[in-house]
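Below: the structure, in structure tokens.
The values are calculated or read from the model by the stated rules, or taken from the named source; none is laboratory data. Just so we're clear, the structure is a prediction, and the values are computed from it rather than from any experiment. Using ideal geometry, Cβ is built from the backbone for each residue, glycine included, and neighbour counts are taken over all protein chains shown.
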Amino acid sequence: MSDKKYLVSIEDIEQDGHVEFEFDDNIKELENCHIWADIEFRPMGDFVQALGHAQGQVTLECDRCLKKFEHELDFDIDETFAKNSLLDEYGQEVELSNGQFVTDLEGAEEIDVYDLLYQSVILALPNKKVCGINCN
């Protein structure tokens with residue numbers, strides 16, 4: 001986890017109608033991973049929506065030759081957070097439509113932007129890490 005705290009208050013999001021957050025730091029759990037991101041948080045009743053864009057690079061190890069190489073990251077962020085526990089509100093089963101993801105904050109008062117970006121980077125990594133088209 002990062003030494004710095006990257007937290008956005010849900011109260012600030014609700015009071016201001018939105019909060020813009022800029023991130024420019026390393027994701028320490030990944031090798032040489034630096035991310036630049038602009039994220040806007042908006043209130044949506046019982047939910048908070050995070051929309052933004054992130055870019056950066058990370059050092060990966062090739063699955064074929066095991067050499068290290070730099071991989072460029074460029075992805076959009078579209079995440080919805082439930083302010084209260086979904087289990088309390090909707091019971092045990094909740095049907096989600098295609099592409100719909102909801103993170104349950106379970107009553108937390110802040111959103112951890114570092115964790116959001118860490119998870120987004122992990123999901124943005126290629127399934128097969130190959131250093132180049134001509135790699136054996």
Residues of the stretch 1-25 being among the polar types (S, T, N, Q) and surrounded by 14 or more Cβ atoms within 10 Å (Cβ to Cβ), which ones? Ser2, Ser9
Of the residues that make up the stretch 38-48, is at least one of a type in the set (Lys, Arg), touching a His at 6+ places or on another chain (Cβ under 7 Å) and modelled with pLDDT of 90 or more? yes
Members of the stretch 79-136 that are aliphatic (A, V, I, L, M) and modelled with pLDDT under 90: Ala82, Leu86, Leu87, Val94, Leu96, Val102, Leu105, Ala108, Ile133
Considering only the stretch 58-81, I want to know if a residue exists there that is of a type in the set (Ser, Thr, Tyr) and farther than 16 Å from Leu125 by Cβ. yes
Which pairs do you get when a residue that is more than 17 Å from Asp74 (Cβ to Cβ), found in the stretch 120-136, comes within reach of a residue that is charged (D, E, K, R), reach meaning Cβ atoms under 7 angstrom, with the pair 6+ apart or on two chains? Lys128/Asp63; Val130/Asp63; Val130/Arg64; Cys131/Lys67; Cys135/Arg64; Asn136/Arg64
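Yes/no matrix, rows are residues, columns are (1) closer than 18 Å to Asp115 by Cα; (2) of a type outside the set (Phe, Trp, Tyr):
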position: Gly17; (1), (2): no, yes
position: Phe21; (1), (2): yes, no
position: Lys28; (1), (2): yes, yes
position: Glu31; (1), (2): yes, yes
position: Ile39; (1), (2): yes, yes
position: Pro43; (1), (2): no, yes
position: Gly52; (1), (2): yes, yes
